[in-house]
1. Take every Cα-Cα distance within the stretch B:1-160, group them into 5 Å bins from 0 onward, and report for each bin the whole-number percent of pairs it holds.
2. What residue among A:I242, A:I75, A:I226 has the largest mean-square fluctuation in a Gaussian network model of chain A, using Cα springs under 10 Å?
3. By the scheme Lys and Arg +1, Asp and Glu -1, what is the net charge of all other residues having a beta-carbon under 12 Å from that of B:I216?
4. Using only C-alpha atoms and all pairs of different ones, pull out the Kirkwood radius for the stretch B:68-258 in Å with one decimal.
5. Where the only charges are on Cβ atoms (+1 Lys, Arg; -1 Asp, Glu), what is the dipole of the stretch B:68-258 about its Cα centre, to the nearest 20 debye?
6. What residue among B:N122, B:N142, B:N161 has the largest mean-square fluctuation in a Gaussian network model of chain B, using Cα springs under 10 Å?
7. Rounded to a whole number of µm²/s, how large is the Stokes-Einstein D of chain A at 10 °C and 1.306 mPa s, given Rh as the Kirkwood radius over C-alpha pairs?
8. Check A:A30: other-chain or 5+ apart residues with amide H under 5 Å from its amide H, H built from backbone geometry?
Amino acid sequence: MNAPLPSDPLDAHIARRAADRPPAVEVLSAEKIFANGTRALAPIDLTIAEGEFLTLIGPSGCGKSTLLKLIANLIQPSDGRILWWRGDSGQVGQDGRGLAFVFQEPTLMPWARVDTNVRLPLDLADVPRGKADPRVSDAIARVGLSAFARHYPRQLSGGMKMRVSIARALATDPNLLLMDEPFGALDEFTRNKLDDDLIKLWWERKLTTVFVTHSIYEAVFLSTRIVVLAANPGRIFRTMTIDEPQPRGQDFRDSARFAAYCRELSTWLAEASLPSASGATP
Amino acid sequence: MKPLLQSETFVRIAAPLAVGVVLLAVWEIGCRLGSIPVYLFPKPSDIFASLIKNGPSLLRALLITLRITLQAFAAAVVLGTLIAFMFVQSRAIEVSLFPYAVLLQVTPIVAIAPLIIILVKNTQLSLTVCATLVALFPIISNTTLGLRSVDPGLASYFRMNRASRLKTLVRLRIPGALPYFFGGLRISSGLALIGAVVAEFVAGTGGRSSGLAYEILDAGFQLDIPRMFAALFLITVTGVLLFGAMVGLSKLALSNWHESELGAEA
Ligand SMILES: Nc1ncnc2c1ncn2[C@@H]1O[C@H](COP(=O)(O)OP(=O)(O)OP(=O)(O)O)[C@@H](O)[C@H]1O
Ligand SMILES: [Mg+2]
């Protein structure tokens, strides 16, 4: 059923690197069939090592969001299981095992100022104000919005709102950051700017990040590893490792290697979208 | 500083005022030219004179009507909000009780007012009950709608963070419902006044009331048409002021974030 992983030397390389660090998330033959019978994911095996920046990319409807939600423990697999830090979901949220999810939309409370919005997860977890406030202003500073802490969401641009949403995720001091097309609605210039900020944050904070995008450039720029999914049913088509010095900046975007990665990824995506790549022939 | 004519607030106050002055002038001049008798259709100046002459009694009547209106409005807000909270607790409660709220809404108050006035001995109280029944529905339906209209993204964010029912209510549902709630307040404040006056009419025909409606009835019996108009004028002014107060309140509460209350700069 599963498309066999190509046995090129890259994969041996991945295996070596992943073994260097303990896994943050292990997806073990996890499968998802929705109540209406849609087989969104065929059994998937995927190990995400601590500190990795892993990007899921693939044609629309191939199950990227579903896989991310499984990893976030927002939905349960129909079969197989997911391990977080080698244990079950019970330990998610413990010290050093925080998880934060950033949606495609900023999903801010329009009636609350930026700082109140960022403090929301801490308020919901009953963190006392004295402890929460420094973390909130730190998170707001990290996304460069200190001057806007007392503004309302409607007074911010789309990109700024998205940054507030990221600050809200950072305020919980997560170890695992899951993002579903967070910059999908933004123009390319703003997106590049936010990508630069994100990769810096990821590097400074040693975050493990799982990122979903439709943009080949964004995937290549950010990721240490890219997983290309194919649809019907959703499954891993191929995996690409981007072994480039960190933290990356504009010089990487301008490099010939960047263009080469993009070209190859784009070919893979085209292959993954072909009907012949489909596993399930009705 | 913008020129006065372009200032939003100035135009909003001055334009309707100008229309009012013109209408009053046409009315006054028309009555004078046609020499229409006062007992048929009084001139604005007659009404104004009557307002001054009957000032004390009209004012007393106004206070009575106003008290009933405010009591009923307050009761409707408290009761309506509580019922709305009950409705959103479970679909079953809402489905089984909402038709009765609608029933309440479509039953004409003049039809049940006599019954209530007979059943409730205290006139003040019976009038308040009538007016409350009239004012209740917009609060219930608007607040229920508001409490249900939660942004699905935010709702799943709260769920993801394992927020308790109470926290979700206080931090998500209630703030999100405020614009709807204030919309309900605006409608309901006017209805409370209408309900109070209608109930007074019904009670007044039995000689058991003394509010503005009674003044109108009494003036009608005595063919004192200017006094009738003066009372009517007071009712209208009260309604407008109530509505204005609700608009101000909603502005105060929502001005920072809700589209409906954003000024021209937004
Ligand atoms: N709650 C659900 N119930 C039934 N089917 C669902 C549900 N959620 C997703 N699906 C189906 O599962 C498949 C994968 O959906 P998913 O949202 O994971 O795709 P995606 O890769 O994120 O797509 P996109 O790039 O458009 O966001 C689709 O065929 C979709 O119709
Ligand atoms: Mg998706």
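1. Spelled out per bin, shortest first, that is 1, 7, 9, 10, 10, 10, 12, 12, 11, 8, 5, 3, 1, 1, 0, 0.
2. A:I75
3. Cβ neighbours under 12 Å give a net charge of -3.
4. When all Cα pairs of the stretch B:68-258 are included, the Kirkwood radius is 18.2 Å.
5. Here the size comes out at about 1040 debye.
6. B:N161
7. My calculation gives 81 µm²/s for D.
8. Under 5 Å from the amide H of A:A30 lie the amide H atoms of A:I44, A:R81, each far enough along the sequence or on another chain.
Read-outs throughout are calculated quantities, based only on the coordinates presented, and are distinct from any laboratory measurement. Quick caveat, the model's predicted, so the values are computed rather than measured. Cβ sites come from the backbone with ideal geometry, for glycine too, and all protein chains shown count toward neighbours.
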